[in-house]
Amino acid sequence: MELAADVVVDCDRVHLNQILWNLVRNAWRHSAKCERSVRIIAQRTGGRTELHVVDDGPGVPRDLQAQLFEPFFTTFSAGTGLGLYIARELSAANGATLDYVDHGVGADFRVAWQGGQT
């Protein structure tokens, strides 16, 4: 975990737990499963609070990125395809956005709250 000292998040605790559970579980599934394969980064950037879940896996192919948050979309045979959809809905319910940030390698899912110290 990499947490900036000035980060405060106003989010329902149960919702935040579910968001992080879904993102970290996906990150671990697609990572190399080594030390630092999955990182949680909390920072203030450009007037907003951001929470990133980053892994060292292959990332999401560009042709699949538009479908990531659709209900029932999955690339995991035992998955329901609801994890990212639920994480995005819970983020929105707490005034945040959930997006995929394409770095070309690895996955980076960003939860962002606009405005002041939220």
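The values are calculated or read from the model by the stated rules, or taken from the named source; none is laboratory data. These figures come from a predicted structure and were not determined experimentally. Counting neighbours? That spans all protein chains shown, and the Cβs are built from the backbone with ideal geometry, glycine included. These area figures cover heavy atoms from the full protein model, side chains too; ligands, DNA and RNA do not enter into them. Shrake-Rupley method; radii C 1.70, N 1.55, O 1.52, S 1.80 Å.
Below, the figures for the structure above:
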read-out	value
Output for the range 43-86, where each listed residue is touching a helix residue (DSSP H, G or I) at 6+ places or on another chain (Cβ under 8 Å) and among the acidic types (Asp, Glu)	Asp55, Glu70
Matching residues in the range 60-70 - criterion: being farther than 14 Å from Asn22 by Cα and open to solvent by less than 60 Å² (accessible area, probe 1.4 Å)	Val60, Leu64, Gln65
The range 83-103, subset open to solvent by less than 50 Å² (accessible area, probe 1.4 Å) and either free of Cβ contacts under 8 Å to residues at least 12 places away in the same chain or part of a loop (DSSP other than H, G, I, E, B) (or both), residue farthest from Asn26 (Cα to Cα)	Asn94
All positions within the range 1-22 that are over 19 Å from Thr80 (Cβ atoms) and either in contact (Cβ under 8 Å) with a residue 60 or more places away in the chain or open to solvent by less than 70 Å² (accessible area, probe 1.4 Å) (or both)	Glu2, Ala4, Asp6, Val7, Val8, Val9, Asp10, Cys11, Asp12, Leu16
Some residue of the range 24-38 being aliphatic (A, V, I, L, M), exposed (fewer than 12 other Cβ atoms within 10 Å of the Cβ) and farther than 19 Å from Leu3 by Cα	no
